[in-house]
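Shown next, in C-alpha cells, is the structure this report addresses.
What follows is calculated from the coordinates using simple rules that are stated; it is not laboratory data. This is a predicted model, so every value here is computed, not measured. Glycine gets a Cβ as well: all are built from the backbone with ideal geometry, and neighbour counts include every protein chain shown.
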Amino acid sequence: VTELRLTYPRRIIFGWGALRLLPEEARLLGRRPLVVIGRNWLRTSGRLDPILDQLRSAGLQPELFEGVEPEPTVATAQRVTEVLRSGGRDSVIALGGGSVIDVAKAAAALAPLEGTAGDYFSGREVPSPGLPCLAAPSTAGTGAEATKNSVLLDPQRKLKASLRSEHLMPSVAIVDPELTLDLPPAPTAHCGLDALCQAIESYTSLGASPATDGLSLRAAGLVASNLLNAYRSGDSRPAREAVSLGSLLAGIALNNARLGLVHGLAHPLGARCDLPHGLVCAILLPAVTEFNRQACPDKYRQLELELQVAEGQLPAHLRRLNTEMQIPPRLSQLGVAPGKHELEAIVAETMPSGSTKSNPRPASPAEVEQLLFSLL
Ligand SMILES: [Fe+2]
C-alpha cells in the first residue's frame with residue numbers, strides 16, 4: 001500500500017434506540033436545525049411529533065422540510081437550499097432514506113455558497129464547508145449517512161448526476177435499526193440488495209484497500225446472511241440489526257473504495273426507467289459478477305467463503321436471493337424496454353462514470369451493451 005486514506009463522519013453512533021441521542025448530538029451542531037424528511041413515512045408511523053418535541057425540549061428551534069421524493073431531483077435540492085439560505089438555519093438534520101439524506105447533504109453544503117444546485121451538479125466545485133449535517137437513515141441500504149456524494153435526478157435531461165465533495169460528508173451519523181422495523185418487504189429488499197451490491201462492488205473495486213476490504217467483506221456477509229429474514233419477518237430485530245450494520249459498513253467502504261460497473265450502469269438506466277435504484281442494482285449484479293470474476297478470482301472466492309457459497313456459485317446465489325425476494329431476472333419484466341438509440345445513450349453515459357472506471361475488469365462499450373442486452 002503506497003497511500004491509504006479513510007474518511008467517514010466525525011461521529012458514527014450505531015445501535016438500538018440510538019436515535020434518543022439525536023437532541024444532544026444536534027445541539028452540538030446548532031440551535032436552529034432544518035429537519036428534512038420524505039413524503040410520509042415519519043408522519044404515518046407516528047414518529048415525527050415525538051422527535052420534534054424532543055428537539056424542542058432540548059432548547060432547539062427546528063423547522064420542517066417535508067416531501068423529498070424517492071428518486072430526488074436537482075430542483076428539490078434547490079428548494080431545500082433556498083429554505084436554508086432564507087431562513088437563518090444553522091444546521092441540517094436528515095431523517096429518512098438515502099434520497100432524503102442525499103438532498104439534505106447537498107443543500108447543507110450549498111447553503112452558504114452562491115449559485116444554484118444545478119450549477120454544482122454540472123461540475124462547479126464546492127470550495128468550503130457548508131452547514132453541519134446530521135444523518136439518521138430510516139432504511140438500510142444506501143449508506144448515504146457515511147458518504148460524501150449526493151445522487152440527484154435531472155428529469156429534463158434524463159440524467160442522474162452525482163455531486164461529490166469532502167464537504168458533503170455528514171458530521172454525525174446516527175444509525176438506529178429500530179427505524180427500519182416499519183419498512184415494508186419490497187423496499188427492505190431493494191435497499192438491502194443495494195447494500196449487498198455496494199459491499200461486493202467496493203470489495204472488488206480497483207480503489208479497494210486493506211482498510212476497506214474488511215468493511216466490505218463483513219458488510220457483504222451481514223447483508224447476504226440476514227436480508228431474506230428481514231424481508232420475510234420485518235419484525236426480526238437480529239435481522240434488521242445485521243442489515244443496518246452491513247449497510248453502514250458498506251457505505252463507509254464505498255466512500256473510500258468507490259464501486260463498479262453495476263453502479264456505472266444503474267444511474268443512466270435508473271434515470272430512464274422509473275425504478276428504485278436498489279432494484280436496478282439487484283438485477284444487474286449477478287451478470288456483472290460473472291463478467292468480473294476473471295479479473296480478481298481470489299476476491300470472489302473470499303466473498304464466496306464469507307457468504308458460505310460453493311466455489312463459482314456466487315452469481316447463482318445472487319440470482320436465488322433475487323428470486324426469493326420477487327425480483328425478476330430481466331428488466332423487461334418490469335416494463336423497461338429501451339430502443340436502440342436509448343441503449344446506446346445508456347452505454348455512452350456508463351463509460352465515463354467513476355464507478356465504471358473502478359470496475360476490476362475494464363469493459364468496452366460493446367461489452368457493456370451486450371451485458372445490458374442480456375438482461376432486457
Ligand atoms: Fe447503490
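If you put +1 on each Lys and Arg Cβ and -1 on each Asp and Glu Cβ, how big is the dipole of the chain around its Cα centre, in Debye rounded to 20?
Result for the chain is approximately 220 debye, rounded to the nearest 20.
Return a whole-number percent for the relative contact order of the chain, with Cα pairs under 8 Å and 6 or more residues apart as the contact set.
Computed over the chain, the figure is 16 percent.
In square nanometres and to one decimal, what's the mean projected area of the convex hull around the Cα atoms of the chain?
17.1 nm²
If one computes the Cα centroid of the range 197-260 and of the range 322-343, what distance in Å separates the two points?
Centre-to-centre distance over Cα atoms comes out at 24 Å.
Which Cα, out of HIS267, VAL347, GLN302, lies furthest along the positive dipole direction of the range 232-376 (beta carbon charges, K/R +1, D/E -1)?
Selected residue: GLN302.
Please find, in a Gaussian network model of the chain (springs between Cα atoms separated by less than 10 Å), the residue of LEU303, LEU21, LEU279 whose mean-square fluctuation is greatest.
Greatest mean-square fluctuation among the candidates belongs to LEU21.
Each residue of the range 217-227 in order: what ³J(HN,Hα) in whole Hz does its phi give by Karplus 6.51 cos²θ - 1.76 cosθ + 1.60, θ = phi - 60°, with x for Gly and Pro?
With coefficients 6.51, -1.76 and 1.60, one gets 5, 5, 4, 4, x, 4, 6, 4, 7, 10, 5 Hz.
Given the options ALA295, ALA173, ALA195, state which has the largest fluctuation in a GNM of the chain using a 10 Å cut-off (strictly under) for Cα springs.
ALA295
Which cysteines in the chain lack any other cysteine whose Cβ sits under 4.7 Å from their own Cβ?
CYS133, CYS191, CYS273, CYS296
Give me Rg/Rg_expected for the range 111-237, where Rg uses Cα atoms only and Rg_expected = 2.2 N^0.38 Å with N residues.
Ratio of Cα Rg to 2.2 N^0.38 Å: 1.20.
With respect to the cross-link table entries LYS158/LYS340; LYS299/LYS357; LYS160/LYS340; LYS160/LYS299; LYS158/LYS357; LYS105/LYS160, which display a Cα-Cα separation exceeding 28 Å?
LYS160/LYS299
Just for the chain, what percent of DSSP beta bridges are antiparallel, to the closest 5?
25 percent
Sorted by mean Cβ packing within 10 Å, highest first, what order do the peptides 138-147, 34-43, 154-163, 330-339 take?
Output ranking for 138-147, 34-43, 154-163, 330-339: 138-147, 34-43, 154-163, 330-339.
Please work out whether the range 125-184 counts as rounded, prolate or oblate from its C-alpha gyration tensor, where a ≥ b ≥ c are the square roots of the eigenvalues and a/c under 1.5 means rounded, while otherwise a/b larger than b/c means prolate and anything else oblate?
Cα axes put the range 125-184 in the oblate bin.
Looking only at Cα atoms, what is the convex hull volume of the range 64-129 per residue, in Å³?
Each residue corresponds to 84 Å³ of Cα convex hull volume.
Which of ARG31, ARG301, ARG56 ends up with the largest GNM mean-square fluctuation for the chain, with Cα atoms connected below 10 Å?
Maximum fluctuation in the GNM of the chain, among the listed residues, is at ARG56.
Could you tell me whether the range 1-158 comes out rounded, prolate or oblate from its Cα gyration tensor? Rule is a ≥ b ≥ c as square roots of the eigenvalues, rounded for a/c under 1.5, then prolate if a/b exceeds b/c, otherwise oblate.
rounded
Residue by residue, what Karplus-based ³J(HN,Hα) values in Hz, rounded to whole numbers, does the range 45-52 have, using 6.51, -1.76 and 1.60 with θ = phi - 60° and x for Gly and Pro?
Taking θ as phi minus 60°, the curve returns 7, x, 8, 5, 4, x, 5, 5 Hz for the range 45-52.
Quick one: if you stick a label point 7 Å off each Cα along the C-beta vector at ARG56 and ARG27, how many nm between them?
Each label point lies 7 Å from its Cα, and together they span 1.7 nm.
Compute the relative contact order of the range 123-169 as a whole-number percentage, counting only Cα pairs closer than 8 Å that sit 6 or more residues apart in sequence.
This gives 39 percent for the range 123-169.
For the range 226-369, taking Cα atoms only, what is the radius of gyration to one decimal and the Dmax to the nearest whole Å?
15.9, 47
Taking the Cα centre of the range 332-376 as origin, work out the dipole magnitude from +1 charges on Lys and Arg Cβ and -1 charges on Asp and Glu Cβ, in debye rounded to 20.
Dipole about the Cα centre, nearest 20: 140 debye.
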